[in-house]
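Step one of this worksheet: look at the structure below.
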Amino acid sequence: MESARSDKPRPPLFRPLDHYRQRTEGYRLLPFRFMRWPAKEVLLVNDVGEFIFLEDQRFKAFVGHRLDLTDPRYLDLKAKHFLLDTESNVPIELLATKYRTKKSFLEGFTKLHLFVVTLRCDHSCHYCQVSRVSTNRSKYDMTKETAKKAVELMFRSPSPALKVEFQGGESLLNFEVIRYVVEYSQELNVREGRNLEYVVATNLVPLTDEILEYLRDHSILLSTSLDGPEALHNSNRPRKGNDSYAITVRNLQRAREVLGHDRVSAVMTTTKLSLGQPREIVDEYVRRKFGSIFLRSISPYGFAVRTGEALRYETSEFLSFYKQALQRIIEVNREGYDFVEVYAQMLLTKMLTPFPSLYVDLQSPSGAGLGAVAYNYDGEVYASDEARMLSEMGDKTFRLGNLHEEGYEEIFGGESLRALAAGSVLETLPGCTDCAFLPYCGADPIFNHRTQGDVIGHRPTSAFCSKNIEIIRHLFGLIREGDPFVKDLFTRWATGVRSEPMTRYKVS
Amino acid sequence: MSLRLQTQGKPLPSLTRSLLGRITTTSLESEIRPDHILMADLLPGQNDLRGYAGVLTRESVSPDWAEDLAQFAPAMIHSVSTLEHLQEGDVAAMNPNGSVRTLYRRGSRHNAILVTERCNSFCVMCSQPPKRVDDRRLIAQHLRLVELIDPTTEALGITGGEPTLLKKDLLWLIQRCKELLPTTSLHVLSNGRLFYYGAFARDLAAIGHPDLMIGIPLYSDIDWEHDHVVQAVGAFDQTLVGLQHLGRYGVPVEIRVVIHRDTYKRLPELAEFIYRNLTFASHVALMGLEMMGFAIPNLSDLWIDPVEYAPELVEATSFLAHRGMNVSIYNHQLCVVPREIWSFCKRSISDWKNDYLPECGECTVRERCGGFFSSSLQRGYSSSIRPIVM
C-alpha cells in the first residue's frame with residue numbers, strides 16, 4: 001500500500017521543485033567583509049551584521065564562484081544575502097531595509113544631552129578628567145541663565161525622545177540648577193510633548209532626604225560609581241576621610257529604598273590596581289545586588305593622563321582583565337543570578353539582532369554631536385563629554401560653540417561638527433573599511449585626535465582599535481565554542497528578552 | 001464531531017434569490033423584522049409572520065397553504081429537516097434551492113467570511129482549492145453579512161481563495177467592518193502577493209481599522225522553495241515586498257508557516273530569516289498540515305510525522321521566542337510535540353472541524369490539546385499519538 005502510493009506520480013497539475021529553481025548563470029557576491037579564523041575557518045560578516053563561518057575550502061569555492069547550489073551552505077549564504085543568484089532586486093531591497101534599521105540610531109538626531117552643572121567635587125579620583133576640589137561656586141557652577149539656554153537649545157533637537165544626563169564634578173553639589181533644568185524642561189515640554197528622561201550621575205555623597213524625594217517625584221534615575229571592593233574603591237576614589245566606599249554603599253541603600261531598586265545603576269573604571277581583581281570586582285557588584293556592570297577602561301583625558309605612568313596600563317592588560325571578569329560574570333549567571341556586562345551587551349546587540357545599539361560611544365558615524373552633546377558649566381558646547389574634558393586640557397578642537405553666543409544652526413551645523421561627522425564614518429576610514437568587525441564597531445575621532453594627532457587616526461597602533469577587535473573576537477569565540485548556556489545568555493543580553501519563555505508545562 | 005452548517009427544506013416559489021437574515025425564534029417589533037429570519041417549528045399566526053426577511057419552519061406547507069402564505073410572508077423554506085444547529089443571533093442564507101447555509105454563528109470564536117474562491121496561487125497542500133469562478137458579485141452578500149453580525153462578536157476572519165483579488169471591494173468590506181463591528185478583531189488570510197503594490201497596502205492602512213491582522217504564509221527562506229510550495233514563479237518576491245509594505249504602513253502581520261516534507265528542513269533558517277527581515281511581524285504561527293483539498297492527492301509527498309521534525313520545530317520556536325517574537329504552534333497534538341515547547345501550542349483548529357481520537361479520552365492534557373482536524377482522523381496521523389497520563 002505504502003509503496004504503491006509513493007510510486008504514483010504527483011498529479012500533473014503540480015510542477016516539481018526544479019521548475020522553480022530557475023536562476024541566472026552562477027551567482028554574484030553581495031557586499032561582505034571577512035576575517036581568518038582559527039581551525040581553518042573564515043568568518044564572513046555582511047553590512048548589516050549577519051555572519052557565517054565557512055571552512056577555508058568552501059570559502060575559496062564561494063568567492064571563486066564555484067560553490068554549487070546543492071552545497072548546504074549555498075542556501076545559507078543566499079538566505080543571509082551574501083550571494084545573489086536571481087535577476088530580482090528584492091534581496092537588495094531587503095538588505096536596504098535591514099541597513100536602514102541598523103542605522104536607525106541616526107533618526108531624530110541628538111538624543112543625549114549632558115548638562116555639566118558643576119566641576120566641583122569632594123573626590124579627587126586619579127582617573128577623573130575634570131573635577132576641582134573647590135568651594136568657589138561662582139567659578140565652577142553652571143548658572144540658571146546658562147541652564148535656561150541649554151534647555152532651550154536641547155528642544156531644538158528634533159528627537160521625539162530626549163535624555164538629560166547631569167554630570168560633574170559632583171552634579172548634586174549644584175542641585176539647584178538640576179532642579180531648575182528639570183522644571184524648566186517640563187514646563188517647555190507641555191507644549192513640546194517629547195519623551196523626557198533624566199539621569200543624575202553622582203557619587204551619592206551629597207544625597208539628602210529632600211533630594212531623594214525630589215528625584216522620586218520626578219522619576220529621575222541615578223547612576224553612580226563603584227570600582228570594586230572597599231580597599232580598591234577607596235584607593236581609586238580618594239576623598240577626605242578615605243570613606244568613599246562606606247558612603248556609596250550606605251547611600252546606595254537609601255536611594256534604592258526611596259527610588260526603587262532598579263532606579264540606581266553603577267559604572268566602574270578600571271585602574272592599574274583593578275587589573276588583578278576582576279573576580280573581586282564582579283563579586284562586589286553581585287553582593288550589592290546590581291543587575292549589570294560596565295567594565296570601562298581608563299580614558300586618555302584629564303587627570304588620567306596628567307598623573308602619568310603610575311596609572312597607565314597596556315591594552316593587553318585591560319583585555320586580559322576584561323576576559324577574566326566576563327568569565328566570572330558568565331559563572332555568576334550560571335549560578336542563577338541575572339547579571340549583564342553592558343559593553344558586551346551593546347556589542348552583542350549589534351552582532352545578534354537586526355537592531356542598532358543606542359550606546360553613543362561606538363557608532364558610525366560617531367555619536368559625538370550627532371547622538372550626544374555636552375553643555376559645559378561655563379556655557380561652552382562640546383561634541384561629547386570627552387570633548388569637554390579635552391578642552392579642560394587646553395584643546396578646544398571639538399568645541400561646537402557657546403550657548404550665549406551662537407544659535408542652534410551655528411552650533412549643530414557648524415564646521416566643527418561637520419568635520420567631526422565627516423571624519424567618523426567607519427565605512428570610509430583606512431583600516432576600518434575592510435575590517436570584518438566594522439558593522440559592530442564605531443568611530444572615536446576624539447580619541448584618535450587625542451592619541452594620534454588627527455581624527456582619522458592610525459588603526460594598527462590604535463589602542464581603541466585593538467581593544468574592540470579583541471573584545472569582539474572574544475565574544476565570537478565564546479559563541480563559536482558552542483556552550484548552549486553562553487549562547488542563550490548572550491541572546492538574552494542582546495535582545496533584552498529577560499523572561500524564560502521555554503517554561504516547563506505543568507498540569508494544574 | 002463536525003458541526004452542521006447547512007440544512008435543507010422546500011422553498012416557496014416566492015424565494016427567488018438568496019437572502020440573508022439574523023435568526024430569531026421570538027416575535028420581534030415590526031421595524032426590526034426585515035433584518036431577521038424567523039425560525040419556528042410550527043408556523044405562528046399571520047401577524048407573527050409579517051415583515052420578516054424570511055421564515056424557516058420544520059412544518060410541512062401544502063401548496064394551497066403556500067398560496068395563502070405568499071401574500072404576507074414573501075420568503076419561506078418549510079419542511080426543513082433540522083433546525084437545532086441554528087441559534088438566536090446566528091446569520092443564515094436562504095437559497096432558492098431550499099438550502100439554508102449558516103454564515104455566522106454567534107456562539108463561535110471561529111467565524112469567517114469566505115469572500116472568494118479564486119486564487120492567484122496554487123499551493124500543493126491547499127485545504128480549500130481555488131476555483132475559477134467569477135464570484136465578484138457576492139460582495140453584496142458579504143457586506144450584508146457584516147451588517148447582520150452581532151457587534152459584540154470578538155473575532156471575525158476574512159478568508160478565501162485569495163481575498164485581495166477583490167481589490168477595492170476588500171477594502172470596502174474592511175471599512176464596513178470598522179464602522180459596524182468596531183470592537184471585533186479582524187483577521188484576514190492572504191498570500192500577500194498583491195501588497196507588492198504599495199498603494200494597495202497604503203490604502204488598507206488608511207482605513208485605520210483598530211484591530212486588524214493580515215495572516216500571510218511564508219514557506220521558506222529560499223525563493224524557489226516557497227515558489228514551489230505555492231506553485232507560482234515570483235510569489236516569494238511579491239509576498240516579501242508585500243510584507244515590507246504592510247510593515248512600513250503599520251498594518252499588523254502574522255507569518256504563517258505550514259510544516260510538511262517540503263518545508264520542515266529549513267524551519268530554523270526560516271525563523272532566523274523572519275527575525276532578520278520581518279522583525280515587525282506581530283505573530284509567527286508554525287502550523288501542522290491539514291489533510292484537505294490538494295493535500296490529499298499530494299499526501300505521500302507532503303506527509304511527515306511531526307515527531308520526525310520535532311528538532312527543527314523546537315529550534316525554530318525557541319529561536320523566535322528567545323528573541324521576543326510572538327510565536328505559536330498550531331494544529332499539533334501535544335503528544336507529538338516535545339514538552340519544552342508545549343506552552344506555545346494553541347488550540348487552533350476551528351470548532352467545526354476539530355476532533356479527538358477515542359484514546360484521547362484517557363489523556364490528562366486533552367483539555368489543553370489542539371486535537372486533530374476531522375480530516376486527519378480519516379487520512380492519517382502520527383504513529384506516536386498516545387494519551388498522556390500524569
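Would you be able to say whether some residue in the range B:125-135 is under 15 Å from the mean Cα position of the chain (by Cα) and hydroxyl-bearing (S, T, Y)? Explain how you work it out, then say what you get.
In the first step, residues of the range B:125-135 are kept if they are under 15 Å from the mean Cα position of the chain (by Cα); the result is B:126-130.
Now restrict to residues that are hydroxyl-bearing (S, T, Y): B:127.
Yes, the range B:125-135 contains a residue that is under 15 Å from the mean Cα position of the chain (by Cα) and hydroxyl-bearing (S, T, Y).
With the structure loaded, tell me whether B:E308 is more than 27 Å from B:G107 (Cα to Cα) and of a type in the set (D, E, K, R) or whether it fails that test. Considered against the rule, which asks whether it is more than 27 Å from B:G107 (Cα to Cα) and of a type in the set (D, E, K, R), B:E308 comes out as yes.
Residues A:R137, A:R156: which one is within 30 Å of A:E405 (Cβ to Cβ), at pLDDT below 95 and of a type in the set (K, R)? Talk me through it step by step, then tell me what you get.
Working: A:R156 fails: at pLDDT below 95.
Criteria check complete, one pass: A:R137.
Summed over the range A:111-154, residues that are under 24 Å from the mean Cα position of the chain (by Cα) and assigned to a strand (DSSP E or B) total 5.
Conditions tested, residue by residue: (1) modelled with pLDDT of 95 or more; (2) under 28 Å from B:H226 (Cα atoms).
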residue	(1), (2)
B:Y104	yes, no
B:R109	no, no
B:A112	yes, yes
B:R118	yes, yes
B:S127	no, yes
B:R137	no, no
B:H142	yes, no
B:T153	yes, no
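Here B:G293 qualifies as in contact (Cβ under 8 Å) with a residue 40 or more places away in the chain, closer than 20 Å to B:S376 by Cα and out of contact with any Asp or Glu (no Cβ under 8 Å at 6 or more places or on another chain).
Residues considered: A:E107, A:E93. Of these, the only one that is on the phi < 0 side of the Ramachandran plot, among the charged types (D, E, K, R) and within 14 Å of chain B (Cβ to nearest Cβ) is A:E93. Examine the range A:62-79 for a residue that is within 13 Å of chain B (Cβ to nearest Cβ), among the aliphatic types (A, V, I, L, M) and free of Cβ contacts under 8 Å to residues at least 12 places away in the same chain, and state whether such a residue exists. Yes.
Within the range B:44-95, being modelled with pLDDT under 90, of a type outside the set (S, T, N, Q) and under 13 Å from B:S27 (Cα atoms) holds for B:P44, B:G45, B:D48, B:L49, B:R50.
With respect to B:G192, is the statement that it is touching a Gly at 6+ places or on another chain (Cβ under 9 Å) and small (G, A, S) true? So B:G192 fits the description; yes. Look at (1) modelled with pLDDT of 95 or more; (2) more than 11 Å from every other protein chain (Cβ to nearest Cβ) and you find that A:E481 fails only one, number (1). Residues in the range B:29-42 that are surrounded by 13 or more Cβ atoms within 10 Å (Cβ to Cβ) and without any contact (Cβ under 8 Å) to a residue 24 or more places away in the chain were compared, and the one that is farthest from B:H85 (Cα to Cα) is B:R33.
The values are calculated or read from the model by the stated rules, or taken from the named source; none is laboratory data. Just so it is clear, the structure is predicted and the values come from calculations on it, not from any experiment. We place every Cβ from the backbone using ideal geometry, glycine too, and count neighbours over all the protein chains shown.
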